[in-house]
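Please treat every number below as a calculation from the coordinates, not as lab data. Computed from a predicted structure; not experimentally measured. Cβ coordinates were reconstructed from backbone atoms using ideal geometry, including for glycine residues, and neighbour counts include every protein chain displayed.
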C-alpha cells in the first residue's frame, strides 16, 4: 500500500538524519511524541510528506538538503527548528565549519541580527555535541 | 592599499559569477550602474564587502554559496534578487536541476506560495538563457 | 492504491473550490500547467498533500479553510496566491463582505500596508467576477 | 462623548473575549497594566481602536475574528500574542479542535516550523485551561 | 464631537505631509478614493487613528515620524507604501539625502536586497519630483 | 593601512554608542567575545563594516542612526538586537521618550503585536539603566 510505503520511506530517511550515538539528536522524535495527543497527524505529515516524499527525492544529497533547509530557517528566525536542523545536518555529515560558513554567507542577504542569533544556536548545539571550537578552527 | 585590494578581490569574485557569453547576466553591473548617481557607495559595499570579503572566504565553494543565497532569497520573497542569483548560480556552475530541487526541498519549510513564486522566476531565467526544460528533465 | 486515492480526493476537493461558470477561477489549474515542464511534482504535491490530505480533513468547513488561508496570505504579503485564494474562497461560498471584513480585522495585527495591498487585490478579483461593490455594500 | 463611547464599547467587547472563571485569561488586562507607566496610551489604543472600532464591527462573529487573528499570529510567529489570542478565542467559544485544525490548514501556506511552534503554544494554553487532549480527540 | 475632532485633526496632519504644488503626492487621497466603495472605513481609520491619533502626538517631529515609518517599510518590503511615504517624508521636509542615508544605515540590519529595492523606489520618486541626483550629491 | 583604519574607525564609533558608566551596555563587546571562538570574523565585520564604514558616514547623526536601526529591529521582531540597540541608542543620547514614541509611531505600520513585544524589551532596559518611568512621563 502506497501510504505505508511513504511512511516507511520517511522513517528510513529520517533515520539517516538522526541515528547517532549522540542522545540529543532524537529531538525530532521527541517533538512528534509531544504532538501525539494534540495533533498526531502533524507528525505523520512530517514523516510521510517532508521525509517520505521531499527528502527522498533525487537531485540533492542529504548534506545539500540540510544546507538549503538551514539557510531558510536562519532567514525565518525560527530558532527551535534551526537547532533541530543543525543537529540533523551534522548527523548527515555536514561539517560544522560549513554550517558556520553558510551563516556568514547570509550576512549580506539577511543582515547581522539573524546571523548573530543563528550563531548562538549553533554554539549551543556544538557544545552539546562536544564539537571543539578553537579560534576560527572548528573540529 | 587594503581597500583597493578588497575592491579588486570583489570584482574578480563577481566575475566568476557573471562572466558569460549570455548577455543577461550582466544584471549585477547594470544594478550598480543604476545606483551610481543615487548611492554609489552601495555598489562599492556590494563589491568590497559582499564579494570581496564574504564570497572570497574559504569553507564553501561558489556553487554552495549560490545555493545558500538562493535559499534565503526564496524564503524572503525578494524576487528581483532571486532572479539575479539564479543567474549568478547558473554561471557559477550550479545545475538548473539543483536550483529547482532546492526550491522543492523548501516546501516543508516555507509552504507552497514562496515556492510557486520562485519557480515562476526560475522559469523566466531559464527561458532567457535558453535552458531546455522538458517534462521533469531540465537540460 | 493509496496514492491514486489521495490524488483523486485532492482533485475532487480542488473542484469544490474552483468549479464555476466564471472562467478566471481556473487559475489554479493554469498554475499547475505552467509548472508541468519545470517541476511537475509540485502540482502533484499541491493536489495530493495540500488538497488531498489537508483540505479534505474534517474539523473546518471549506469557508473556514479559505478564511484561515486568506488571513495567512494577507499577513505574508504573497499577492499572487492571495488573488488565487480570494477566488477559491468566493467559489467555496465565502461572501465577499466576509473577505473584506477579515482584512479589516487584521489591521491591528499587521498594520495598514498589508491590508491596503490586500484590498487592491480583492478589488481586482471582485471586478473580474463582476461582484458589485457599492458604498460599503458589496453584492 | 464619542471617545468615551469607543472606550466603553472596547471594554465591553474585550470582556466578551476575556470574562471567564479561568484566571489566566486576564492576561490582556495584565499586559495593559504592565504598560501603564511606560506607554499608557497603547493600552488605550488597543481598547478604543482594536476592540472599540474593529472588533465591534458587523460582518464577522467573535469566533471568526479570533480565527482570522490566530491565523495571522501563527504566520508572523509572534508567540506571546498567539498565546493570548488562543485564550481569547477559547473564551469567545472557538472550540479547541478548530484552533488546532486551523494550524494544520496553514501547513501548506507557512511550512511546518511555524505550525510546530504554534502547537507548542496551544498545548501550553490547553493544559492551563485543563482542556483534555486525548489521541486526536480534544475535549 | 470627539470623532469629528479626530477626523479633522487627522486631515490637518495629513495635509502637512501631502500639501504641495507637486501633483503626485496626492497619492494618499487617491488611495482612499480607490477604497471608497470597497472599504470606506479603512480610509477613515487611516485618517482618524493613524493621522488623528498617532501622527498628532508629541514627542517626535514630522521628519522623525517619516524616518521611523520609512525604516519600517524598507524592512517589510511593502513597496507601494514605501513609495507613498518617501513622498510624504519629502513633503514634510525630510531631505532626500537623509532618506537615502537611512537606507544605507539599514544594510547591516536587513541585508542588501531590501535596500536595493528601496533605492529603486526612491529613484522613481526623486525623478517624479524632479529632485536632481548627481554623483553622490542629491539636490 | 586601510583595513586597520576601518577597524580603528569602527571601534571608535562603537565606543560613542557604548562607553558609559552603566555596566550593561558592554553587551556589544560581550556578544563579540561570545563569537570569538566560533566565528571571530563576524565580530570583525560588525566593527569594520557596520561601524567602520556605515555608522561613520555623514548624513545622519548618531541619534538618527539609532532611531532608524531600532525601527527596523522592532519591525523584524529580533529582540536580542533590539535590546542591544535600545541600549546603544540611549548611550548615544536618544531620549527614552523618543524610543517609546517611535514604537507608538510604528503601530499603524506593523500592528500591535510587534510593538507590545518591543515595549516589554524597552521596559527591561529602562529598569536596568534605572530610567524612571512614571505615568506617561519617562525620566
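Take each residue in F:74-85, count the other chain C-beta atoms within 10 Å of its C-beta, and the mean is 5. Ascending distances from the residue F:29 label point to its copies in the other chains, with the point 7 Å along the Cα-to-beta-carbon line: 4.6, 4.8, 4.8, 5.6, 6.9 nm. Distance from the axis that maps chain A onto chain E is least for the Cβ of the chain A residue given, with the whole Å value, as A:111, 2. Take each residue of peptide B:31-44, count the partner chain Cβ atoms within 10 Å of its Cβ, and average: the result is 5. When each of D:109, F:51 is scored by the number of other beta-carbon atoms lying within 10 Å, the sequence from fewest to most is F:51, D:109. Peptide F:118-126 shows a mean partner chain C-beta count of 2 within 10 Å per residue C-beta. Taking the label point 7 Å along Cα→Cβ, residue C:61 and its counterparts in the other copies are spaced 1.0, 5.4, 5.8, 5.8, 6.2 nm apart, in ascending order.
When residue B:95 is represented by a point 7 angstrom out along its Cα-to-C-beta vector, the spacings to that point in the other copies are 2.3, 5.0, 5.5, 5.6, 6.4 nm, nearest first.
When its C-alpha radius of gyration is set against 2.2 N^0.38 Å (N residues), segment C:44-139 gives a value of 1.08. A Förster radius of 30 Å, combined with the Cβ-Cβ distance separating residue C:124 from residue A:58, puts the computed FRET efficiency at roughly 0.15.
In chain A, the calculated helix contribution to ellipticity at 222 nm averages -21000 deg cm²/dmol per residue, counting -39,500 (n - 2.57) for every DSSP H run with n ≥ 4. Rounded if a/c is under 1.5, else prolate if a/b beats b/c, else oblate: with a ≥ b ≥ c from the C-alpha gyration tensor eigenvalues square-rooted, which is segment C:36-83? It is oblate, given that a/c is not under 1.5 and a/b is not larger than b/c. Centre-to-centre separation between the Cα atoms of segment C:44-94 and those of segment E:63-139: 35 Å.
The largest-to-smallest principal axis extents of the Cα set in the protein assembly as shown are 70, 68, 49 Å. In segment B:2-128, Cα pairs under 8 Å separated by at least six residues give a relative contact order of 28 percent.
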